[in-house]
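Here the structure is laid out as structure tokens; the discussion comes afterwards.
Rule-based calculations on the coordinates, nothing more; no lab input. Here the structure is a predicted model, which is why all the values come from computation and not from measurement. Neighbour counts are summed over all protein chains in view; Cβ atoms, including those assigned to glycine, are modelled from backbone coordinates with ideal geometry.
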């Protein structure tokens, strides 16, 4: 008897159709997807009406996407999938700086700046000195490490969200370490902000009783010859949302000190060392 | 310690965020979705690049959707999800006529026609007499059963796919049974056709080594007072695609006889009885 579709045999009915000569990795991923998707439908006994709601949700999520808006990434972020994909692909030895999500506001090509200089140009917010060392796993300084840094302004917006309102490259810069592996720059103490929540994902969060906020953080991409790229943030530990980041980006090791200094130059100081793992480990 | 996200605890990290007072069914569905989605990502060790491909695929699938095109339903259909949802929501006693997918080409409001009349108006195809009885589970005829029927034309297109080319309501009609429960009408022997395959789902099928064809079938929606609605097709058993329907719609009990008769009136005859289950069972 041919392999017609039945409720009990639904996974095999679908996966048996996959051609013999296809890409083996595609076969692995798609047959697993079908297995888990069918298990989900069976576990919750999904109704026809719920299926229609799911189709409608996915359609609206796709239709709101544009050059400036990626609602499927927001969906992945808010369901913890983005962090999970990052985690399983960036397992690092204890002590090494952990990754977190890149986020949608990185812009390539930010200006290279002198060590110690200020990246905040809109005169808003509480100034903060970010400083520390880039080292290998044994504490040796890493020379020629490139730190690409960015944060929101004191009103919770990145420069690219407010073109013409914020100065170009506001709260962004690139710094390169010398032989001592040290870095330092002056920005602002970042503030928490909501992810875009006027679309399907925002409505999903609301229905789930979740807020759309991310705790305050400074973004870093740290690269150095011979070391694995680190894409991460440092977080402000006393932020109201530190234990409820809408995209699950917080890791314990990424919560940085923000010390009040009021030293005439800056109000805050946030020391943090980046510890890199060798490439290819 | 707060419940920060970790690879090992990823499901709990996400599901622990769900609010206390939300709709309990939404909680059940969404926490199960997160559990299965994370299990899938972990099982296949999804790479960052594959995640990006998935985001891109979903985005393109959403963006091709329009009033005339529902690519997410095609995706659901081709992954067997539509048939699975139908199956778990329409379990019926042995002997009762089984459901299959509705498909995107049903149009409400087709003309009511006299029993025995012809619904094919474009002069194409091999004429076929469809006839049989609508009964309850005990073989008693069902009066006032309404049969809403539709099929493609001999070139594999539904009338709504070719407005201005096919006559309006070509190969569609509504018939109502009398006390004998009998129905009959003349259409054409349907032909196989591909689902829309010029979009992301078509490319997915190609990459999976699958074809986009559906075996030839006549659509029926059968309703009657006191009985559960049946949404189904009857299939042409010797169709080349009968064991490989792109949307998994074929069930063994829905393969109908198509007998060559050449009786001067029609070339084919396809007898099929619809056996209804009482409402609410």
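Observations on the model:
- Annotation: the antiparallel percentage among DSSP beta bridges lying fully within the range B:143-281 is about 90.
- Shielding of peptide B:243-252 by partners, expressed as the average count of other chain Cβ atoms within 10 Å per residue Cβ, is 4.
- Among A:221, A:73, A:165: highest mean-square fluctuation, GNM of chain A, C-alpha pairs under 10 Å: A:165
- The calculated FRET efficiency for the pair residue A:63 and residue A:265, based on their C-beta separation and a Förster distance of 51 Å, comes to about 0.55.
- Cα gyration tensor category, rounded, prolate or oblate, for the range A:28-77 with a/c compared to 1.5: oblate
- Hypothetical label at residue B:126: residues of the range B:243-279 whose amide nitrogen lies under 19 Å (7 Å Cα-Cβ projection): B:243, B:255-272
- Cβ crowding within 10 Å, taken as a proxy for footprinting-reagent exposure, orders A:17, B:214, A:69, A:182 from fewest neighbours to most as A:69, A:182, A:17, B:214.
- Antiparallel bridges, percent of DSSP beta bridges restricted to chain A (to nearest 5): 75
- Label 7 Å beyond Cα on the Cβ vector: residue B:196 copy-to-copy distances, nm: 2.4
- The range A:239-279 and the range A:50-119 have Cα centres lying 19 Å from one another.
- Take residue A:6, push a point 7 Å out from Cα through the beta-carbon direction, and compare it with the same point in every other copy: 4.4 nm, smallest first.
- Think of the axis that spins chain B onto A; the B residue whose C-beta lies nearest it, and the distance in whole Å, is B:62, 0.
- Mean separation of Cα contacts under 8 Å, 6 or more apart, over the residue count of the range A:145-281: relative contact order %: 21
- Tensor-based shape of the range A:78-275 (alpha-carbon gyration tensor, a/c under 1.5 rounded, otherwise prolate or oblate): oblate
- Computed over the range B:201-259, relative contact order equals 32 percent, with contacts defined as Cα pairs under 8 Å that lie 6+ residues apart.
- Within 10 Å of each Cβ in B:41-52, the average number of Cβ atoms from other chains: 6
- Nearest-ten-degree value, helix B:48-63 long axis tilted from longest Cα axis of chain B: 40
- With R₀ fixed at 45 Å, the C-beta to C-beta distance from residue B:252 to residue A:92 puts the FRET efficiency at about 0.25.
- Calculated mean residue ellipticity at 222 nm for chain A: -7500 deg cm²/dmol, from DSSP H runs with n ≥ 4 weighted as -39500 (n - 2.57), summed, divided by the residue count and rounded to 500.
- Judged by the ratio a/c of the largest to the smallest principal axis of the C-alpha gyration tensor, the range A:1-46 counts as oblate, that ratio being 1.5 or greater while a/b is no larger than b/c.
- Taking the fewest neighbouring Cβ atoms within 10 Å as the starting point, the ordered list for B:66, A:270, A:184 is B:66, A:184, A:270.
- In this rough spin-label picture, where each label sits 7 Å from Cα along the Cβ direction, the residue A:56-residue B:184 distance is 4.4 nm.
- Antiparallel DSSP beta bridges within the protein assembly as shown, percent to nearest 5: 75
- Alpha carbon centroid spacing (whole Å) that separates the range A:177-235 from the range A:7-21: 42
- Shielding by other protein chains, A:217-223, mean Cβ within 10 Å: 0
- For chain A, modelled as a GNM whose springs connect Cα atoms under 10 angstrom apart, the maximal fluctuation among A:51, A:169, A:150 occurs at A:51.
- Cα-based helix-to-principal-axis angle, B:24-44 vs chain B, degrees rounded to 10: 70
- Sorted ascending by nearby beta carbons within 10 Å, beginning with the fewest, A:26, A:129 become A:26, A:129.
- Most fluctuating residue given options A:246, A:256, A:207, as computed from a GNM of chain A linking Cα atoms under 10 Å: A:207
- Label geometry 7 Å along the beta-carbon vector: residue A:156 inter-copy distances in nm: 5.4
- Considering only alpha-carbon pairs that sit under 8 angstrom and 6 or more positions apart, the relative contact order computed for chain A is 21 percent.
- Calculated FRET value between residue A:229 and residue A:22, using beta carbons and R₀ = 30 Å, to 0.05: 0.40
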